[in-house]
Each structure stands twice: as structure tokens, then as C-alpha cells.
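Rule-based calculations on the coordinates, nothing more; no lab input. This is a predicted model, so every value here is computed, not measured. So basically every Cβ, Gly included, is an ideal-geometry build from the backbone, and we count neighbours across all protein chains shown.
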Amino acid sequence: MPTQPFPHGVQSGSFRIDPHDALPSTNDRARELAAEGAADVAVIADRQTAGRGRLDREWASPPGGIWLSLLVRPSLPVDRVSILTFAAALAVVRAAAEAGVEARLKWPNDVLITDDEEERKLAGILTESSTRDGRLQWAIIGIGVNANVDRDDLPPGSISLQDLVGGVDRTAVTEALVAAFDRLRGDQAGVIEAWRTHAVTLGRRVEITTGDGSITGVATDIDESGRLLVETETGVERVAVGDCRHLRSA
Ligand code: BTN
């Protein structure tokens, strides 16, 4: 009995669904499709055996989650690739809202459930791309949503939709997510504006670890490319890539 809820050959809006019971990583399968020239494909697996997170971290992908990679070929300059990550994170927020869950965004790629006490990770995004002459040839937006997964099967600090509202209809959540991404992907200014309204990072003291060291200060905004503006003791830094930690206020 297949565990993957999508049948083969199904279309979800502009995306062709490529469904699998198990894959090492949906991003890797999407790379194969990119090499074949495909576009607007959503690769979905019920479980991943070698799911990957950002910064070469492992991504726990037990059965019941939404492990999804969107292969797209947008006409975007390289420095705007973050727009796609933000669009995906917003799409998760909108799909979660339809399932009765209010989620928030942490720069650059996390979808969190927050309360006064703690932040727990509901979903993460891993965007990979190929570029030529300063423009994107293709991008793969890998989206991992802890849907019908027991918190005990996830790393500490994680939470699932099932923990919050009981089991969800994964097909409905996935379709809502893909449709929201489809609407958002062409609207760069709208993505930035909407990201700001759902962000939990803005106004917070943060520590950003980059390849060159770390930056500590108050995150004040994002710019049109999705870079985080951090007010430090020595001035405002614009950070394009980094690992962000929310600090308790001094
Ligand atoms: C992160 O927060 O570090 C990003 C996690 C991204 C996980 C998703 S699950 C679907 C796709 N396939 C992968 O191997 N990773 C992404």
C-alpha cells in the first residue's frame, strides 16, 4: 500500500506533481529533472532517507511529513534568489493557516511556532540554484514541513502540525502550499512586504554567523533582495547569507 497521497501524473496549478513513496532527497531528484530541462515540477516524497538541511545539516524526514521540492526557472538575477525562499516560507505560513495553525518566519528560511517562552521549528527551506551570466537558470526550493509526524521522531526544538491540531489532510496542505507559492513567486515586492508582516526576527537582537565571523545587533529590516539589516555598535550591516540566532534582549 503506497503511503504517498498523490497519484502519478497529477497537476497542482502550474506544477506537475512527481510523487514518490521514498527518495534519498527530493532536492536531488529535482536536480535530475533540472538536468533533463524540466520546469514547474513539484517532487514529493512520503519519506526521505538522506534529507538535507541548510549548512550540510541532516533533515529528519520520517513518513507523514511534507517533503517537497519545487523546480522553477524564474527570470531573476542571482542576488534575488532569496525571494524564492521567502515566497516558499510565506506559502507554508498560508497553508498552515488554512489548517488552523498560526506560524511565524525567522530569517532567512525557518517557519516557527512561537510563544513567549519558546520557538519551535515547523518547517525549513533549502534553496539550491544554477546560474549563468548573473541570472538564475533554475532553482530548486526544497520545503520540509513537519505535518503528520510525532514530535518524538523529530529533533529537539521541532514541532509538527499534528502536535498542534491533530492529523492534517496532507494533500490539501500541499496543494494550498503549492498554490500560494505559485501566486507569490512573480511578486517580488509583495513577497518582501508580506515577509515583514509575519517575521519574528525583525526588532530582535540577533547573532548572525557568516563565513567571515559573527555579527551581533538588532535586526531592523530586510532589503529588496532579502538581505537582513542588522544595527550593530559600529553601524548597519547587510547580511545576505548566515545562520541566525535570536538572542534574549539585554
Ligand atoms: C533547513 O531548515 O535546514 C532546511 C530544510 C529543508 C528540508 C527539505 S525536505 C525537502 C527537501 N529535500 C531535502 O533533502 N531537503 C529539503
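Here are the numbers:
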item	result
11 Å reach of a label modelled at Ala97, 7 Å along Cα-to-Cβ, counting backbone N of the range 157-200	194-195, 197-198
Calculated on alpha-carbon atoms, Rg and Dmax of the range 127-250 in Å	17.5, 49
Debye intensity ratio in log₁₀ form over the Cα atoms of the chain, taken at each q of 0.11, 0.17 Å⁻¹	-0.55, -1.34
Glu32-Asp79 FRET efficiency (beta carbon distance; Förster radius 22 Å; 0.05 resolution)	0.25
Relative contact order (%) - criterion: Cα under 8 Å, at least six apart; region: the range 160-228	21 percent
Ranking of Ser160, Ser225, Ser82, Ser130 by count of other Cβ atoms within 10 Å, fewest first	Ser130, Ser225, Ser82, Ser160
Gain on full stretching of the segment that runs from Glu119 to Ala22 - 0.36 nm per residue minus C-alpha separation	32.0 nm
Cleavage-rule hits (GluC sites (Glu not before Pro)) in the range 73-174: DSSP loop, at most 13 neighbouring Cβ within 10 angstrom	Glu102, Glu117, Glu118
